[in-house]
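Asker: Below is the structure I would like to discuss, written out as C-alpha cells.
The values are calculated or read from the model by the stated rules, or taken from the named source; none is laboratory data. This is a predicted model, so every value here is computed, not measured. Please note: Cβ atoms are built from the backbone with ideal geometry, for glycine as well, and neighbour counts cover all protein chains shown. What goes into the accessible areas is simple: the full protein's heavy atoms, side chains included, and nothing from ligands, DNA or RNA. Shrake-Rupley method; radii C 1.70, N 1.55, O 1.52, S 1.80 Å.
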Amino acid sequence: MPVLIRSTYSKFLPLLRLRRAAEILLRSIGRPGAELSILLVDDTEMMHLNRQWLKRSYSTNVISFSQQADDFHPPDNDLLGDVVISIDTARRESANAGTELEQRLEELLVHGLVHLLGEDHELGPVEAERMKRKEQALLSALYKELKMADLCINIDHVATVRQARGTAEPDPVTAAGIVEMAGADGIVVHLREDRRHIQDRDVRLLRQIIKTRLTLEMAATEEMTGIASDIKPDIVTLVPEGREELTTEGGLDVVTLEKPLTETVTRLHDANIPVSLFVDPERDQIVAAKQTGADCIEIHTGLYADAPSSNIQDSEFEKIVVMARAAMDLDLRVHAGHGLNYRNTARLAAVSEIQEFSIGHAVIGRAVLVGLERAVREMLSLVQKGYLE
Ligand code: PXP
C-alpha cells in the first residue's frame, strides 16, 4: 500500500480526500508506487515528536521524516518517508485564512512531501524560493486532478414501494427533488422492460423537473432506444436485463455483443445522448466498450460489494482500481456502482480514477429509517468530502 494514513486524532476527518490527494501527488512526482506515510496528530503529540526527534520544544503544523532502506524496508521498496501533520494547527490556520480544513491539509502535505524530496527552506533564501516554487507547481498539479467523485442516486426503489400497492405514493419525482436538495449530483432511474418499478411517466416528469443530471439505465433494445431518443436524458447507461433477475446481475458482455451495442451507441449519439456501458472490471470488456464508441463505462462493483471474505474483497478492489486506470487511459470516463453501501463505498471513493458513483438500494433503504435527505447527505459526506469517522 503506497499511501498509509494513520490518525491519533479522533475527530471526523477528510481522510479519503487526503489519500486521494497523496496518490495524485505521488503520480505527479513520477513515483506512483512510492511508500508515503501520513500521520495526523494533535498539538500535544506534535510537540512531543518535535522535541523527541528534532530537539525543538514547540508544536508546529507539519514535520517530515525521510526514510532510507534498512532491514525492515529492503532497497527494492521505493520509500519516501513520513509526513506528520498537526490537525489542531491545521484547523487554526485554515480558520485564520478563511479556507477549508481539507485545503490546508493538502498544502501541509505538499510542504512535507517537498521536504522528503530533499528541499529545505531553512537553508537560506535561495533554497526557500526554490522550495516555494516546487510546492506551487505540485499544488497546481494536484488541483487540476483532485476532485472527489460525483454521487448520483438511483431512486428506482422509491417506485418499488409505490408499485407494491399500485398507488401514487411515494412518488419518485418528489423523491428526486429531495435528493437534489440534499446535494446529490444526479438522479438515476432504470426503466425496465417489465416496468416493475419506474414507469414511463416518471422518466418524462423527471426529465422536466431535474436540475442536476438525469441518467437513464436501460437495456439496448429498440423500444428503449426510441424512448431515450425522445426523452433525452443527460446520459444513458446500457445494462443487461434479465426478466427473472431481482436486480442487474452482471456487466454487459460487450465482447460478444460489440456489433449490436455499437449500433445502439451510434443511434443514441445521433440523438445527442452520451452513452455509458455497464461492465465487469475486465480488460477485454473495457477495450470492447471503447470500440463501440461509448463515452464512459460504469464498473460493476457487485463482486467487490458482496465479497464473502476480506481477501476476496481486496482482490476485487484491486481489479477495480487497475481497470479504472485502464479505462481512463483509453479516454473513457469511469463510473462505478452496484451493491455499494455505507460501509464499502469509502474505500472506492478514495480511488481517483472513479468520477461518479451510482448508488440506490443502500440509500433508499436507509431513507426509510432516517429520512431521504439525511441518507443522501451521509453518503455524500463519504463520497464527496472524503470524511470518515
Ligand atoms: N448501477 C447500475 C448499472 C445498476 O443497474 C444499479 C441497480 O439498479 C445500480 C448502479 C445501483 O445499485 P444499488 O441499488 O445496489 O446501489
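Asker: Working carefully through the options ALA288, ALA228, find the one that is open to solvent by less than 10 Å² (accessible area, probe 1.4 Å), in contact with a helix residue (DSSP H, G or I) (Cβ under 8 Å, 6 or more places away or on another chain) and away from the ligand (no atom under 16 Å from the Cβ). Lay out the reasoning, then the answer.
Answerer: On the way: ALA228 fails: away from the ligand (no atom under 16 Å from the Cβ).
Step by step, each of ALA288, ALA228 is checked, and only ALA288 is open to solvent by less than 10 Å² (accessible area, probe 1.4 Å), in contact with a helix residue (DSSP H, G or I) (Cβ under 8 Å, 6 or more places away or on another chain) and away from the ligand (no atom under 16 Å from the Cβ).
Asker: State whether one or more residues within segment 104-119 are touching a strand residue (DSSP E or B) at 6+ places or on another chain (Cβ under 8 Å), under 30 Å from ARG374 (Cβ atoms) and surrounded by fewer than 21 Cβ atoms within 10 Å (Cβ to Cβ).
Answerer: Within segment 104-119 (the criterion being touching a strand residue (DSSP E or B) at 6+ places or on another chain (Cβ under 8 Å), under 30 Å from ARG374 (Cβ atoms) and surrounded by fewer than 21 Cβ atoms within 10 Å (Cβ to Cβ)), the answer is no, since none of the residues qualifies.
Asker: In addition: Sort out which residues of segment 195-218 are open to solvent by less than 60 Å² (accessible area, probe 1.4 Å), in contact (Cβ under 8 Å) with a residue 40 or more places away in the chain and within 15 Å of the ligand (Cβ to nearest atom), and write them in order of number.
Answerer: HIS197, ILE198, ASP202, THR215, GLU217
Asker: Could you list all residues from segment 253-284 that are more than 13 Å from VAL239 (Cα to Cα) and touching a strand residue (DSSP E or B) at 6+ places or on another chain (Cβ under 6 Å)?
Answerer: Within segment 253-284, LEU268, ILE273, PRO274, PRO281 meet the criteria.
Asker: When you scan segment 48-62, do you find a residue that is open to solvent by 60 Å² or more (accessible area, probe 1.4 Å) and under 24 Å from ALA350 (Cβ atoms), even just one? Reasoning before the result, please.
Answerer: Restricting attention to segment 48-62, the residues satisfying the condition of being open to solvent by 60 Å² or more (accessible area, probe 1.4 Å) are 48, 51-58.
Then drop every residue that is not under 24 Å from ALA350 (Cβ atoms), which leaves none.
Checked against the condition, which is being open to solvent by 60 Å² or more (accessible area, probe 1.4 Å) and under 24 Å from ALA350 (Cβ atoms), segment 48-62 yields no hits at all.
Asker: Mind listing whichever residues of segment 288-315 are of a type in the set (Asp, Glu) and without any contact (Cβ under 8 Å) to a residue 24 or more places away in the chain? First the steps, then the outcome.
Answerer: We begin by selecting, within segment 288-315, every residue of a type in the set (Asp, Glu); these are 295, 298, 306, 314.
Across segment 288-315, the qualifying residue is only ASP314.
Asker: Please pick out the residue among THR221, THR247 that is under 17 Å from VAL275 (Cβ atoms), hydroxyl-bearing (Ser, Thr, Tyr) and surrounded by fewer than 16 Cβ atoms within 10 Å (Cβ to Cβ). Steps first, please.
Answerer: Values: THR247 fails: under 17 Å from VAL275 (Cβ atoms).
Selected residue: THR221, the only one of THR221, THR247 that is under 17 Å from VAL275 (Cβ atoms), hydroxyl-bearing (Ser, Thr, Tyr) and surrounded by fewer than 16 Cβ atoms within 10 Å (Cβ to Cβ).
Asker: How many residues are more than 8 Å from the ligand (Cβ to nearest atom) and either loosely packed, with under 15 Cβ neighbours inside 10 Å or of a type in the set (S, T, N, Q) (or both) if we restrict to segment 335-347?
Answerer: Total meeting the criteria: 3.
Quick grid of which residues meet (1) farther than 16 Å from ASP88 by Cβ; (2) of a type in the set (A, V, I, L, M, F, W, C):
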{"site": "SER7", "(1), (2)": "no, no"}
{"site": "ALA34", "(1), (2)": "yes, yes"}
{"site": "LEU49", "(1), (2)": "no, yes"}
{"site": "THR60", "(1), (2)": "no, no"}
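Asker: Between residues in segment 262-287 that are among the small types (Gly, Ala, Ser) and residues that are open to solvent by 10 Å² or more (accessible area, probe 1.4 Å) and part of a helix (DSSP H, G or I), which pairs lie under 9 Å by C-beta distance while being six or more apart or on different chains?
Answerer: Pairs found: ALA271/SER229; ALA271/ASP230.
Yes or no, residue by residue, for (1) under 12 Å from the mean Cα position of the chain (by Cα); (2) open to solvent by less than 20 Å² (accessible area, probe 1.4 Å); (3) within 14 Å of the ligand (Cβ to nearest atom):
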| position | (1), (2), (3) |
| --- | --- |
| ASP314 | no, no, no |
| VAL322 | no, no, no |
| ARG333 | no, no, no |
| SER358 | yes, yes, yes |
| ALA375 | no, yes, yes |
| GLU378 | no, no, no |
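Asker: Another question, then. Which condition breaks for GLY371 when tested against (1) more than 16 Å from the ligand (Cβ to nearest atom); (2) closer than 20 Å to LEU146 by Cβ?
Answerer: Every condition holds for GLY371 apart from (2).
Asker: Applying the selection to segment 6-46, what residues are in a helix (DSSP H, G or I) and not aliphatic (A, V, I, L, M)?
Answerer: Taking segment 6-46 and keeping what is in a helix (DSSP H, G or I), we get 15-28, 43-46.
The answer is ARG17, ARG19, ARG20, GLU23, ARG27, SER28, ASP43, THR44, GLU45.
Asker: If we only count helices (runs of 4 or more DSSP H) wholly inside segment 147-241, which ones have 1 or more residues that are in the same structural domain as ALA350 (by TED's automatic domain parsing) and in contact with a Gly (Cβ under 9 Å, 6 or more places away or on another chain)? If you could, list the steps in order and put the result at the bottom.
Answerer: On the way: elements: 156-165, 172-181, 200-209, 222-231.
Ranges flagged: 156-165, 172-181, 200-209.
Asker: Hey, among VAL173, VAL158, VAL110, VAL126, which residue is among the aliphatic types (A, V, I, L, M), in contact (Cβ under 8 Å) with a residue 40 or more places away in the chain and more than 21 Å from LYS385 (Cβ to Cβ)? Give the derivation first.
Answerer: On the way: VAL173 fails: in contact (Cβ under 8 Å) with a residue 40 or more places away in the chain; VAL110 fails: more than 21 Å from LYS385 (Cβ to Cβ); VAL126 fails: in contact (Cβ under 8 Å) with a residue 40 or more places away in the chain.
Sole residue among the options that is among the aliphatic types (A, V, I, L, M), in contact (Cβ under 8 Å) with a residue 40 or more places away in the chain and more than 21 Å from LYS385 (Cβ to Cβ): VAL158.
Asker: Does THR160 count as within 15 Å of the ligand (Cβ to nearest atom), open to solvent by 50 Å² or more (accessible area, probe 1.4 Å) and among the β-branched types (Val, Ile, Thr)?
Answerer: So THR160 passes the test.
Asker: Looking at (1) open to solvent by less than 20 Å² (accessible area, probe 1.4 Å); (2) farther than 20 Å from VAL3 by Cβ, which is the one condition that is false for GLU129?
Answerer: Status for GLU129: all satisfied but (1).
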